[in-house]
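Chemist: Before we start, here is the structure in question, set down as structure tokens.
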Amino acid sequence: MVGVHLAHDVQMGDKNILANCCMLAGHIHLGSNIFIGGGAVFHQFIRIGDSCVIQGNGSFGKDIPHFISAMRTNRITRLNIVGLRRQGFTAEQRASIKDLFHLLFCSVKNHTQALTAARERDWPEPASRLLAFASVPSASQRIHLQSQHSVVFRELFKALSEAFDCACSVLFISRSVAFFCWSKDVPRGQQH
């Protein structure tokens, strides 16, 4: 479509539809049968699984697993049930994908616990692809994990930001009080 930007080393599967003004950074892997709405932007080194539908004007910096509807900023909303029906997935296949989706993304378990629980069961073909996708961290996650100091820097930045906000509030209040006191002391007409 018009104005779509595919950066270096983007790999695309078959039968994908990209609406106007989508921007995909480098080293992104797109599966097949994906619909991406207009104006959606994607950070580098992410994977987008098969049969996904992605809202326009969304921004994504994390992987989007197979068979998912995604929107806004890195938000997985639900399964792409309509797309699965249109592509000929059987009711049993859709049910197994739905069971795995709920186990991985909707349970109270963290990601590691959910993967462990999912691996204990045998999944039919389409669901097993979703499990394999969710089991492998993306390149962006591997890069993030290599940076051991990122958590420390994030917490330090958060603390400094909160301190700065507090200092600005105190400075604003003290200036307001000083101006109020100064304006009361100076007779009317002599204020500068």
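The values are calculated or read from the model by the stated rules, or taken from the named source; none is laboratory data. Note that the coordinates shown come from a computational prediction; the quantities given were computed from them, not determined experimentally. All Cβ positions, glycine included, derive from the backbone under ideal geometry; neighbour counts span all protein chains shown.
Chemist: Filter region 13-35 down to the residues that are touching a strand residue (DSSP E or B) at 6+ places or on another chain (Cβ under 7 Å), buried (at least 16 other Cβ atoms within 10 Å of the Cβ) and within 14 Å of R47 (Cβ to Cβ) and list them by number.
Modeler: The answer is N16, L24, A25, I28, H29, L30, G31, I34.
Chemist: Another question, if that's okay. Against the condition more than 19 Å from S135 (Cα to Cα) and either more than 19 Å from the chain's Cα centre (by Cα) or in a loop (DSSP other than H, G, I, E, B) (or both), how does D14 come out, does it pass? Lay out the reasoning, then the answer.
Modeler: Working: more than 19 Å from S135 (Cα to Cα): yes; either more than 19 Å from the chain's Cα centre (by Cα) or in a loop (DSSP other than H, G, I, E, B) (or both): yes.
Yes; evaluated as a whole, the condition is true for this residue.
Chemist: If a residue must be in contact with a Phe, Trp or Tyr (Cβ under 7 Å, 6 or more places away or on another chain) and modelled with pLDDT of 95 or more, how many such residues does region 127-153 contain?
Modeler: 2
Chemist: Here is a follow-up. Can you tell me how many residues in region 88-107 are in a loop (DSSP other than H, G, I, E, B) and either on the phi > 0 side of the Ramachandran plot or at pLDDT 95 or above (or both)?
Modeler: Of the residues in region 88-107, the ones in a loop (DSSP other than H, G, I, E, B) are 88-90, 107.
Narrowing further to those that are either on the phi > 0 side of the Ramachandran plot or at pLDDT 95 or above (or both): 88-90.
Of the residues in that region, 3 qualify.
Chemist: Here's a follow-up. So in region 66-84, with the set limited to residues that are assigned to a strand (DSSP E or B) and among the hydrophobic types (A, V, I, L, M, F, W, C), which one is farthest from L103 (Cα to Cα)? Break it down into steps so the answer makes sense when it comes.
Modeler: Taking region 66-84 and keeping what is assigned to a strand (DSSP E or B), we get 68-71, 73, 75-79.
With among the hydrophobic types (A, V, I, L, M, F, W, C) added as a condition, the list becomes 68, 70-71, 76, 79.
Numbers: I68: 14, A70: 18, M71: 20, I76: 14, L79: 13 Å.
Looking at residues that are assigned to a strand (DSSP E or B) and among the hydrophobic types (A, V, I, L, M, F, W, C), I get M71.
Chemist: Looking at I97, I64, which one is under 14 Å from L130 (Cβ atoms) and within 20 Å of the chain's Cα centre (by Cα)? Write out each step before concluding.
Modeler: On the way: I97 fails: within 20 Å of the chain's Cα centre (by Cα).
Among I97, I64, only I64 is under 14 Å from L130 (Cβ atoms) and within 20 Å of the chain's Cα centre (by Cα).
Chemist: Restricting region 112-134 to residues that are exposed (fewer than 12 other Cβ atoms within 10 Å of the Cβ) and touching a helix residue (DSSP H, G or I) at 6+ places or on another chain (Cβ under 8 Å), which is nearest to R78 (Cα to Cα)?
Modeler: E125
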